[in-house]
Amino acid sequence: MKKTSVDPVLALEAKMMVALAFRNGPIEDLHAGKVCPTCSADSAYSRISDEEMKGIMKAAVNAVYSLLWKKENDGSAYAKSLLLGARYTERWDDPE
């Protein structure tokens, strides 16, 4: 299968939205915590509870909705949000 080229502008926008929707939400609180010495090396154990996952997904949906609403209704606010997201994504890989 031939690999298609990635649109760099769209790739950057995607990374900024992920930073705003996921990285800066409840998952960052989980990531910032101490490593569990009992289960950290064993991928068979869940590291995120159902309640935590629900909170992460809810925060992500709310953030993406807010970004899409701004894109459609307030271009200036959308651009400002993406600039904030860009601060976190400078070293992130592009999408494949």
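Within this structure, Tyr45 passes the test of being among the aromatic types (Phe, Trp, Tyr), more than 30 Å from Pro8 (Cβ to Cβ), out of contact with any Pro (no Cβ under 7 Å at 6 or more places or on another chain) and surrounded by 10 or more Cβ atoms within 10 Å (Cβ to Cβ). Screening Leu30 against (1) more than 17 Å from the chain's Cα centre (by Cα); (2) of a type outside the set (D, E, K, R); (3) more than 27 Å from Leu10 (Cα to Cα) leaves a single unmet condition, (1). Filtered by the rule that a residue be among the charged types (D, E, K, R), within 14 Å of Met16 (Cβ to Cβ) and in a helix (DSSP H, G or I), the range 52-96 gives Lys70, Lys71, Lys80. For the structure I just gave you, tell me whether Ala77 is in contact with a helix residue (DSSP H, G or I) (Cβ under 7 Å, 6 or more places away or on another chain), at negative phi and either exposed (fewer than 11 other Cβ atoms within 10 Å of the Cβ) or modelled with pLDDT of 90 or more (or both). For Ala77, the condition - in contact with a helix residue (DSSP H, G or I) (Cβ under 7 Å, 6 or more places away or on another chain), at negative phi and either exposed (fewer than 11 other Cβ atoms within 10 Å of the Cβ) or modelled with pLDDT of 90 or more (or both) - is met.
The values are calculated or read from the model by the stated rules, or taken from the named source; none is laboratory data. Just so you know, these numbers come straight off a predicted model, no measurement behind them. For neighbour counting, all protein chains shown are included, and Cβ atoms are generated from backbone atoms with ideal geometry for every residue, glycine included.
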